[in-house]
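Colleague: Encoded as structure tokens, here's the structure I'll be asking about.
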Amino acid sequence: MSALTPEALLADYLALADDSCVAVLPHVLRITAELGIADVIATDTKTVEDIATATDADIESLYRLLRALVSVGVLLEDPSRSFRLTETGNRLRADAPNSVRESVLNADSQRAWLRGIDTIRSGRSVFDSVHGGDFFAHKNSDGDADRAFLRRMRERTGRLYGQFSSTPDWRQSDVVMDIGGGDGFMLERVLREADHVKGILFDRPSVVDMVKDSEHIRSLGERCRLEKGDFFESLPSGADTHMLCSVLHDWTDSQVVAILRNSRKALRDGGRLLIVEMLVPEDQEWHPSRWSDIGMMVLTGGRERTAAEFEILLSDSGFGLSSVTPIPGSYFSVLEAK
């Protein structure tokens with residue numbers, strides 16, 4: 001989190017609006033991530049010639065890019081035209097614990113944002129009009145986009161609410177199903193946290209097919225089984241605990257109720273549902289959920305919600321909200337429903 005207030009950040013942003021930085025910086029960061037410059041430099045100091053060779057880039061064009069990155073604190077430059085990463089620049093490395101590389105690379109969403117005004121005028125996501133299919137239909141039809149999305153979600157999960165796995169009491173769980181669990185990053189952490197628990201990873205068929213042979217899934221052996229399907233139609237039975245981690249904000253209220261009702265049908269008697277989401281606060285202070293809410297509106301048609309709004313949706317689906325627990329070091333919370 002920045003030490004600057006949101007108002008100060010906005011003032012700085014507007015001060016830069018008269019030059020090229022505001023317009024160019026997002027593209028420079030994306031190009032930097034795509035070339036893998038931070039991964040090439042890593043913990044060393046590298047000459048511009050070394051970086052150009054490793055990234056197959058023109059030396060002088062690359063130098064001008066690196067010089068601009070120095071000016072915003074991503075890199076430090078030595079007199080010999082050698083460069084090293086700053087703490088901020090280290091976040092562009094793929095292996096950094098707080099990496100934002102995959103998020104910076106998200107060109108699909110950047111293209112949709114160019115039409116974001118259409119969402120404000122129509123009340124509908126513009127992703128379909130830009131990509132020829134809604135957010136998840138696009139992922140189902142484009143393997144590269146789907147793989148990039150999974151990498152982005154893995155990065156985002158670890159960075160934004162990685163401590164979730166140690167937040168609930170898992171002693172009351174025997175079988176945990178992660179609904180829309182992506183590549184299984186969080187389910188694996190839960191199973192490592194609670195060694196008596198077995199897991200079910202449920203997601204779209206294209207996702208399950210991509211991750212079924214991954215090393216971290218194979219390492220879980222018989223403790224984890226994979227199930228593919230559509231959570232708007234039905235969910236597999238057998239679990240006493242369901243997880244929905246940063247899933248429901250992708251969908252409208254009626255779609256959320258459909259998902260929750262299928263969860264209710266599939267849960268064992270007496271089971272519980274754990275929802276991980278950012279909650280919109282009731283006050284008017286700055287909070288990232290309000291900005292994520294605009295992102296969901298433009299990209300997926302979904303929304304971020306208050307705790308009270310979730311309680312209504314849960315009640316409409318046959319659940320009772322029993323607790324809301326903030327995740328340590330995170331803007332996210334765990335809503336437990338039974």
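The values are calculated or read from the model by the stated rules, or taken from the named source; none is laboratory data. Model, not experiment: these values are computed from the prediction. Counting neighbours? That spans all protein chains shown, and the Cβs are built from the backbone with ideal geometry, glycine included. All accessible areas refer to the heavy atoms of the entire protein, side chains included, with ligands and DNA or RNA removed. Shrake-Rupley method; radii C 1.70, N 1.55, O 1.52, S 1.80 Å.
Colleague: If you take every DSSP beta bridge whose two residues both sit in segment 231-335, what share of them, in percent to the nearest 5, is antiparallel?
Modeller: 55
Colleague: Something else about it: Which percent of Cα-Cα pairs in segment 28-172 sits in each 10 Å bin, short to long?
Modeller: 11, 31, 27, 22, 8, 1, 0
Colleague: What whole-number value in Å² describes the accessible area per residue of segment 16-60 for a 1.4 Å probe?
Modeller: Using a 1.4 Å probe on heavy atoms only, each residue of segment 16-60 averages 56 Å².
Colleague: Counting only protein heavy atoms, what percent of the accessible surface of the chain is carbon or sulfur at a 1.4 Å probe?
Modeller: For the chain, the apolar C and S fraction of the accessible surface comes to 51 percent.
Colleague: Sticking with the crude label model, points 7 Å out along Cα→Cβ, report the distance from residue 15 to residue 325 in nm, one decimal please.
Modeller: Modelled inter-label distance: 4.3 nm.
Colleague: Using a simple spin-label model with points 7 Å from Cα along the Cα→Cβ vector, what separation in nm is obtained for residue 306 and residue 86?
Modeller: 3.9
Colleague: With N set to the number of residues, divide the alpha-carbon radius of gyration of the chain by 2.2 N^0.38 Å and report two decimals.
Modeller: The chain yields a ratio of 1.07.
Colleague: Still on this structure, please answer the following. Can you give me the long-range amide H partners of residue 75? Hydrogens built in the peptide plane at 1.01 Å from N, cutoff under 5 Å, separation of 5 or more residues or another chain.
Modeller: Distant-sequence amide H within range of residue 75: 70, 86.
Colleague: Follow-up. Can you tell me the dipole magnitude for segment 100-139 around its Cα centre, using point charges on the Cβ only (Lys, Arg +1; Asp, Glu -1), in Debye to the nearest 20?
Modeller: 80
Colleague: Can you check how the C-alpha radius of gyration of segment 141-287 compares to 2.2 N^0.38 Å, as a plain ratio?
Modeller: Scaled against compact globular proteins, the figure is 1.03.
Colleague: Still on this structure, please answer the following. Using amide H atoms built in the peptide plane, which far-off residues or other-chain residues are under 5 Å from residue 333 H to H?
Modeller: 277, 278, 279, 327
Colleague: Over the Cα atoms of segment 145-218, what Rg and Dmax result, in angstrom?
Modeller: Answer for segment 145-218, Rg first and Dmax second: 12.2, 38 Å.
Colleague: Hey, in the GNM for the chain with a 10 angstrom Cα cutoff, which one of 197, 207, 24 fluctuates hardest?
Modeller: Ranking 197, 207, 24 by mean-square fluctuation puts 24 first.
Colleague: Among 200, 73, 132, pick out the residue whose Cα is farthest towards the positive end of the charge dipole of segment 73-205, where Lys and Arg carry +1 and Asp and Glu carry -1 on C-beta, about the Cα centre.
Modeller: 73
Colleague: Moving to a separate point now. Give a quick list of GluC sites (Glu not before Pro) in segment 255-338 that DSSP marks as loop, anything other than H, G, I, E or B, with at most 14 other Cβ atoms within 10 Å.
Modeller: 282, 285
Colleague: Suppose we keep just the DSSP beta bridges with both residues in the chain; what percent of those would be antiparallel, to 5?
Modeller: Counting DSSP beta bridges with both partners in the chain, the antiparallel share is about 45 percent.
Colleague: A further question follows. Find the relative contact order for segment 37-110 and round it to a whole percent, using C-alpha pairs within less than 8 Å whose residues are 6+ positions apart.
Modeller: Computed over segment 37-110, the figure is 30 percent.
Colleague: What is the P(r) of segment 209-324, as percent of Cα-Cα pairs per 10 Å bin from 0?
Modeller: Computed distribution, short to long bins: 12, 38, 32, 16, 2.
Colleague: Hey, quick one: spin label on residue 42, modelled 7 Å out along Cα-Cβ, who in segment 95-135 has an amide N within reach, i.e. under 16 Å?
Modeller: 95-97
Colleague: Give me the 1.4 Å probe accessible area per residue for segment 265-318, excluding ligands and nucleic acids, in Å².
Modeller: About 49 Å² of surface per residue is accessible.
Colleague: I want to verify a result. In a Gaussian network model of the chain, Cα cutoff 10 Å, which of these has the top mean-square fluctuation: 137, 145, 23?
Modeller: In this elastic network of the chain, the residue with the biggest mean-square fluctuation among 137, 145, 23 is 23.
Colleague: In segment 182-210, whose amide N lies under 14 Å from the spot 7 Å out along Cα-to-Cβ of residue 227? List them in ranges.
Modeller: The answer is 198-205, whose backbone nitrogens lie closer than 14 Å to the label point.
Colleague: In degrees from 0 to 90, rounded to the nearest 10, what is the angle of the helix 253-266 Cα long axis to the longest principal axis of the chain?
Modeller: With rounding to tens, the tilt is 50 degrees.
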